[in-house]
1. Taking the range A:348-384 as the search range and keeping residues that are farther than 26 Å from A:S434 by Cα and of a type in the set (S, T, N, Q), which one is farthest from RNA strand B (Cβ to nearest atom)?
2. With respect to A:E203, determine if the residue is within 15 Å of RNA strand B (Cβ to nearest atom), open to solvent by 20 Å² or more (accessible area, probe 1.4 Å) and not in a loop (DSSP other than H, G, I, E, B).
3. So, A:L626, is that one in a helix (DSSP H, G or I), in the same structural domain as A:K50 (by TED's automatic domain parsing) and either within 16 Å of RNA strand B (Cβ to nearest atom) or buried (at least 22 other Cβ atoms within 10 Å of the Cβ) (or both) or not?
4. Here are some residues: A:C502, A:C518. Which one is at pLDDT below 95 and surrounded by 12 or more Cβ atoms within 10 Å (Cβ to Cβ)?
5. Quick check: anything in the range A:333-347 open to solvent by 50 Å² or more (accessible area, probe 1.4 Å), within 13 Å of RNA strand B (Cβ to nearest atom) and closer than 22 Å to A:R431 by Cα?
6. Search the range A:721-757 for residues being among the basic types (K, R) and more than 11 Å from A:F663 (Cα to Cα), and hand back the single one that is least open to solvent (accessible area, probe 1.4 Å).
7. Failed condition for A:R699, given (1) under 26 Å from A:T736 (Cα atoms); (2) open to solvent by 70 Å² or more (accessible area, probe 1.4 Å); (3) in contact with a Ser or Thr (Cβ under 8 Å, 6 or more places away or on another chain), with all others met?
8. Looking at the range A:392-406 only, could you name the residues that are open to solvent by 20 Å² or more (accessible area, probe 1.4 Å) and in contact (Cβ under 8 Å) with a residue 24 or more places away in the chain?
Amino acid sequence: MAWNYGGDGTIKGENNMGQHYDFARIESKWKKYWEKEDLHKVQMDPNKPKYYVLEMFPYPSGELHMGHIRNYSIGDVVARFHTMKGYNVLHPMGWDAFGMPAENAAIERGIYPAQWTSSNIHSMHRQQREFGLSYDWDREVATCHPEYYRWTQWLFLLFYQRGLAYKRKAEVNWCPSCQTVLANEQVVSGNCWRCDSQVVKKELEQWFLRITDYAHRLLKDLDTLEGWPESVKIMQANWIGRSEGAEIDFPVKGREDSIKVFTTRHDTIYGATYMVLAPEHPLTMELVRGTEREEPVRSFVKEAIRRREETIDPEELGKEGIFLGAYAINPFNGEEIPIWTADYVLMEYGTGAVMGVPAHDDRDFEFTNLHRIPQRIVIMPEKDAPVPETMTQAYAADGYLVNSGPFNGLSVQEAQEAIADYLEEKGIGRRAVSYKLRDWLVSRQRYWGAPIPIVYCDHCGVVPVPMDELPVMLPEKVVFQPGTISSLAHMEDFVHTTCPQCGGPAKRETDTMDTFICSSWYYFRYADARNEEAPFSKEAVDYWLPVDQYIGGIEHAVLHLLYSRFFTKVLYDANLVSCQEPFTNLLTQGMVIKDGQKMSKSKGNVVTPGEIISKYGADTARLFILFASPPERDLDWSDQGVEGAWRFLNRVWRLIHNNLDIFTGEKLKPAHVASGADKDLWHKLHDTIKRVTEDVEKRFNFNTAISTIMELVNQIHRYREQLAAEKQNTALLRETLEKTILLLAPFAPYLTEELWHTMGHKDSVHRQKWPDYDEKALVREEVQIVIQVNGKLRDRLQVPVDMDREELEERALGLERIKGLTAGKEVVKIINVPGRLINIVVR
RNA sequence: GCCGAAGUGGUGGAACUGGUAGACGCGCUGGAUUCAAAAUCCAGUGGGGGCAACCUCGUGUGGGUUCGACUCCCACCUUCGGCACCA
């Protein structure tokens, strides 16, 4: 495709109109130049405002895909733009390098995970360089390197010291295919987030991080994240799931115990006709012990738990339950209500016990219908309305209390206050808040992860590895063991160790950490990536953090993004960082799709970055991706669209090369803008600068930024073609062409660098200042006014901007077409939007 | 079921604060250039009507507010995402 070129980059031959620019030569030339010049290396500089732009680091799967390229192209424009704007820009890249695929590859191909990962990193790193991404490679990190995971382990111990890491036996999510446990966030509609297998429940002793301690702050601080999409904040808020309500103690008849329930509808307390305990609730078996119901209840509980270990299809779960033969006493009216156990009550939420109010809760309504438990209406939508005998569905909305003793007549809101006050006065309950968020399960029964730095000693029990003995090295030469136990557990050399406290024999923890821990702090490490004394220095993170602009996929809305916020708050509390939120602005990019579907090998619709780069080069690929749609939306891949981007860049190339005479010869004087065509071009240039600046800076609408530059290029072409050569203003043309190249530089870094030098400049285009626009150039002398009659467009007028209102209206009314439309009618009023339109309202 | 986002030409998308709907690109049609092609350049391109000037309809559907609505309000439909026995 690229032939017929001279060594100096110009096109040879008589007709140079028809050829394409030699992207391959240009891109390899400038790539080397930039690397030699360390163009993208950054250091702390207190004299410059900092800007930290970050793309979510990738898992090193082996090859970049278009989603990556989109992610990096967006980040690169933001980085380059801010550099040109005078910021000290941190733009790093690294590898989320622990995780399952490396183990699978190891088993399939007989290659160690470390080797496989490292070779993947190499090839992806090379591709990233080809794309001309402005990373400071000196800060590159990989989470699987001991120099990195040493500090991941250090942070785990920090959490441990602060009481935020603990081990407990719990019912946890187990993925049978990945052979490991999963955090709640990693179960998507009952399936494993990674392999989509159905997840089952298992009771295991596991490590947790106490994220629930931070539930309140994680929720509250969402309000401070003005630069985040509403949708992500809502998803996090729903995930944290705060509910306000009350805890109420129900004494058990004939016993000392009482049952504590959590409810958000304590106003319906007089409607409670039964009580339900979760099958695992400690009182469930206790209440039936030694009675004739012990056996049936035991088998019910067993069965309920067994069902959870098999399939979890909420649709199939009915409302099974069994009466325990015991009664609770409603502390408000002394009524005795039967106590049941049922599998629709979860031990993990609230108190594991609920009061059943069938008349005002859909689930309770269903349950009582099934098990013939009475219902009692205590809320009516209207005050003083007759209370019906029966109902066909529960009434869960607002209303007024009935059948509720002294609280009758109160509204739901009033009753909630009054009843909560009453509970607290009598000491039989209290206001309470409950969260859906659970502690973060971080143990993984996998080899390829950061070892949890804990040893178990027969004498001393659970002992953390001292921080100065880190890292606990992951042995690289692993032999994989099929089965349910991590391969690490089979490595005797790893397992057997000595106790750091007593020196006696001890065993290491053989579970590794969830890789989401590794990715919860990497953005801090970039600030000080080679620090061997600490995860990072306070000085470095205080200078660079928080991340000003974070860019990545929406799929991490409640995974990585929630965990990272949690980590940041813990590090803040430990006085290691000064920010409470890690990411000031968040951009969630859409997917890259083709033919209406996600690109995938099985569908055969994959376009690889490699093939695009060899056919068109990096600039074309980047330009197309940024032009085809705004970043948050899905991007429809189109081969013809790529062709369009390619054509445009060639058009820019020719625009410069066909005007070379302008850039050589004598130094040109400042532009004198005289003729109408000059003024139009001058205005267009400054209008373009303004619009591109705003599109990139405020709106991230790179598609419209690029289309605006295209319009400018089209206008320059027209100017050259329609004006006789001697009438063309070369000074204006030169300024226009130079600024066009500057505006395009963040989008097409290679081509613009080449053309910048072609124009005679010696320094890199990427070290230039972003062009300013001249307010004077934006002021038009004439404007087009739209003339409407009754809101319909009927004519247009070209008038001086300063024409006064009366004259303008007179002119409008005098237009032939308007006269025809207003003849014989009464002009009711005239709307005048200055500089835009006149609307004549007639009757 | 609950929460959220989005529906605009043949197509990707634009219209930023209620003020010219369809910028820019793709595709298509016609023309220039060429022996011919590729490449490039120019012109046209929402539907219907008219020789034309123009008229008329048109932003998922139905209402409403307004001089004026893709934009605001109400109801609904479709698609996509999140949550889902959370008391």
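1. Filtering the range A:348-384 for residues that are farther than 26 Å from A:S434 by Cα and of a type in the set (S, T, N, Q), the one farthest from RNA strand B (Cβ to nearest atom) comes out as A:Q375.
2. Details: within 15 Å of RNA strand B (Cβ to nearest atom): no; open to solvent by 20 Å² or more (accessible area, probe 1.4 Å): yes; not in a loop (DSSP other than H, G, I, E, B): yes.
So A:E203 fails the test.
3. Numbers: in a helix (DSSP H, G or I): yes; in the same structural domain as A:K50 (by TED's automatic domain parsing): no; either within 16 Å of RNA strand B (Cβ to nearest atom) or buried (at least 22 other Cβ atoms within 10 Å of the Cβ) (or both): yes.
In short, no.
4. Details: A:C518 fails: at pLDDT below 95.
The unique qualifying residue is A:C502.
5. Yes.
6. The initial filter retains those residues of the range A:721-757 that are among the basic types (K, R), namely A:727, A:734, A:739.
Retained after the next criterion (residues that are more than 11 Å from A:F663 (Cα to Cα)): A:727, A:739.
Numbers: A:K727: 139, A:K739: 47 Å².
It comes out as A:K739.
7. Only one criterion is unmet by A:R699, namely (3).
8. Initial filter on the range A:392-406 (open to solvent by 20 Å² or more (accessible area, probe 1.4 Å)): A:392-393, A:395-398, A:400, A:402-403, A:405-406.
Once the filter is applied, which keeps residues that are open to solvent by 20 Å² or more (accessible area, probe 1.4 Å) and in contact (Cβ under 8 Å) with a residue 24 or more places away in the chain, the range A:392-406 yields A:Q393, A:Y395, A:A396, A:V402, A:N403, A:G405.
The values are calculated or read from the model by the stated rules, or taken from the named source; none is laboratory data. As the structure is a computational prediction, the values presented were derived from the model and not from experiment. As a convention, Cβ positions derive from the backbone with ideal geometry for all residues, glycine included, and neighbour counts pool all protein chains shown. Accessible surface areas use protein heavy atoms only, side chains included; no ligands, DNA or RNA. Shrake-Rupley method; radii C 1.70, N 1.55, O 1.52, S 1.80 Å.
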